[in-house]
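To start, the structure itself, in structure tokens.
The values are calculated or read from the model by the stated rules, or taken from the named source; none is laboratory data. Keep in mind the model is a prediction, meaning the values are calculated, not measured. Glycine gets a Cβ as well: all are built from the backbone with ideal geometry, and neighbour counts include every protein chain shown. The area values use the complete protein model at the heavy-atom level, side chains included, leaving out ligands, DNA and RNA. Shrake-Rupley method; radii C 1.70, N 1.55, O 1.52, S 1.80 Å.
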Amino acid sequence: MKLVDARGCACPEPVMMTREAMYEDPNHIVVLVDETCAVENVTRFAKNFGFIVTTEQDGDETKLTLTK
Amino acid sequence: MKKHLSVILTGVVIGVIALALVAFGNPANMGICVACFLRDTAGALKLQTAAPVQYVRPEIIGLILGAFLLSLFKKEFKPRGGSSPMTRFVLGMVVVMGALVFLGCPLRMLLRLGGGDLNALVGLVGFAGGVGLGALALKNGFSLKRTYEQSTLEGAVAPSLFAALLMAVLVVPTLFAFSTDGPGAKHAAVWMSLAGGLIIGGMAQRSRFCMAGGIRDGLLFKDFHLAWGSIALFVVVLAGNLILGKFKLGFADQPIAHMDGLWNFFGMALVGWGSVLLGGCPLRQTIMAGEGNTDSAITILGMLIGAAVCHNFGLASSAAGATFGGKIAVGIGALVLLAITLLNLNRKGAKA
């Protein structure tokens, strides 16, 4: 599992970071974000790459779990 | 297609409102232009003294307040900031300088293109090239660092300032400078401009509409989601101009434009590059300022001051073409962007 902390990162950085994590672990990535825009962008990107995305909301933060 | 609906709808609505605002008095191919309208607003505030371009554009106020109100309503109003604010101020200045050498922000570039102005096509090629440079920077780890949570008041300052500006101009208009001739004297009724801005602001807040983002995501991720919005906008404006008989294909005699191809290209290249470094085009910055992003609010101030500098020091182009000062400014702007790019390759893990 690869953890990506993209909290506070402006788009498209969360997506860039997620992609970089895919090189390290192509099957299981957890992404922490805190903006709706980032949630939408990372989800769209991961789905395009065939990942299943589950989201957990914790206050302002969202934990996205990407699995194949 | 369904997932693109919101951004496509935003493009369509911006197109229709832009056509309507021109029909009701705004300058040709300038239903909405974030750069030009900030420039006019800077003029009205007497930050710059070019008599033909002074008017408090209610569209700009509407954009910010529309995004503010809808983000509040949708619980997406989120005060945040602290991601290299002064760097963003300078980026805002550079972007608006590039835009005023070309004569339009990316939004007006599409409006001009939809009116048949082929100079805007040259601008679009430059814009795409600039976005490409920005995308390359992102790929190599460019980041202006993280934002942090701010107080509600801090996030509400920018929308409040623009609301105050609206009140002031409605109650004591004599405080401001207004053009009696030129583009600044051409405008739709205040309520109409304000309503147009509010609607676009709200819709763009929901859909994250961004012109730089469309090309950027296409280049970086082969994700054309945002690009659909720009395409929809262009198609609607093109169709509207054809129907209204305002479509005129060519380079010569286009409204508020010049034929200096090289500088149309370089001006928009600067806008594209700077916009990607900022994380969005001038319209998107305005929307994010409404959502409580204080970095974007500072970017808007950078654009406001940059626009004033452009007109006070003869850097902005006119129908006659780019000025000598404007060309030098574009050169300096490119060096500034290069320095900001190279000094902010902060993100570890990026493949250099």
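Values for this structure:
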{"read-out": "B:Val276 being touching a Lys or Arg at 6+ places or on another chain (Cβ under 9 Å) and either buried (at least 24 other Cβ atoms within 10 Å of the Cβ) or over 24 Å from B:Val131 (Cα atoms) (or both)", "value": "yes"}
{"read-out": "Pair list, Cβ < 6 Å and 6+ apart or interchain, from the range B:272-290 residues that are more than 14 Å from every other protein chain (Cβ to nearest Cβ) to residues that are surrounded by fewer than 24 Cβ atoms within 10 Å (Cβ to Cβ)", "value": "B:Trp273/B:Leu133"}
{"read-out": "Positions within the range B:223-235 being more than 22 Å from A:Thr43 (Cβ to Cβ) and either surrounded by fewer than 21 Cβ atoms within 10 Å (Cβ to Cβ) or at pLDDT below 95 (or both), in sequence order", "value": "B:Ile231, B:Phe234, B:Val235"}
{"read-out": "The lone exception for B:Phe142 - which of (1) in a helix (DSSP H, G or I); (2) within 14 Å of chain A (Cβ to nearest Cβ); (3) among the aromatic types (Phe, Trp, Tyr); (4) open to solvent by less than 60 Å² (accessible area, probe 1.4 Å) it fails", "value": "(1)"}
{"read-out": "Single residue of A:Met17, A:Met1 found to be in contact with a strand residue (DSSP E or B) (Cβ under 6 Å, 6 or more places away or on another chain), under 25 Å from B:Asn346 (Cα atoms) and at the interface with chain B (Cβ under 8 Å from one of its Cβ atoms)", "value": "A:Met17"}
{"read-out": "Qualifying residue in the range B:252-261 (condition: over 15 Å from the mean Cα position of the chain (by Cα), among the acidic types (Asp, Glu) and modelled with pLDDT of 95 or more)", "value": "yes"}
{"read-out": "Residue count, the range B:145-186 (criterion: within 14 Å of chain A (Cβ to nearest Cβ), surrounded by 16 or more Cβ atoms within 10 Å (Cβ to Cβ) and β-branched (Val, Ile, Thr))", "value": "1"}
{"read-out": "Residue that is most open to solvent (accessible area, probe 1.4 Å), among those in the range A:24-35 that are within 11 Å of chain B (Cβ to nearest Cβ) and touching a residue at least 24 places away in the same chain (Cβ under 8 Å)", "value": "A:Glu35"}
{"read-out": "Failed condition for A:Asp58, given (1) closer than 21 Å to B:Phe77 by Cβ; (2) open to solvent by 30 Å² or more (accessible area, probe 1.4 Å); (3) within 11 Å of another protein chain (Cβ to nearest Cβ)", "value": "(3)"}
{"read-out": "Top-ranked residue in the range B:127-136 [being within 14 Å of chain A (Cβ to nearest Cβ) and buried (at least 22 other Cβ atoms within 10 Å of the Cβ); ranked as farthest from the chain's Cα centre (by Cα)]", "value": "B:Ala135"}
{"read-out": "Residues of the range B:31-64 classified as outside any helix (DSSP H, G or I) and β-branched (Val, Ile, Thr), total", "value": "4"}
{"read-out": "Selection status of B:Phe77, modelled with pLDDT of 95 or more, open to solvent by 20 Å² or more (accessible area, probe 1.4 Å), under 18 Å from the mean Cα position of the chain (by Cα) and on the phi < 0 side of the Ramachandran plot", "value": "no"}
{"read-out": "Residue in the range B:54-64 that is out of contact with any Leu (no Cβ under 8 Å at 6 or more places or on another chain) and open to solvent by 10 Å² or more (accessible area, probe 1.4 Å) present", "value": "yes"}
{"read-out": "Filtered residue count, the range B:194-222, keeping only those that are among the hydrophobic types (A, V, I, L, M, F, W, C), surrounded by fewer than 24 Cβ atoms within 10 Å (Cβ to Cβ) and facing chain A (nearest Cβ under 10 Å)", "value": "2"}
{"read-out": "Hits in the range B:223-233 (condition: within 11 Å of chain A (Cβ to nearest Cβ) and either in contact with a strand residue (DSSP E or B) (Cβ under 6 Å, 6 or more places away or on another chain) or among the aromatic types (Phe, Trp, Tyr) (or both))", "value": "B:Phe224"}
{"read-out": "Any hit, the range A:6-23, residues being open to solvent by 40 Å² or more (accessible area, probe 1.4 Å), hydrophobic (A, V, I, L, M, F, W, C) and farther than 21 Å from B:Asn344 by Cβ", "value": "no"}
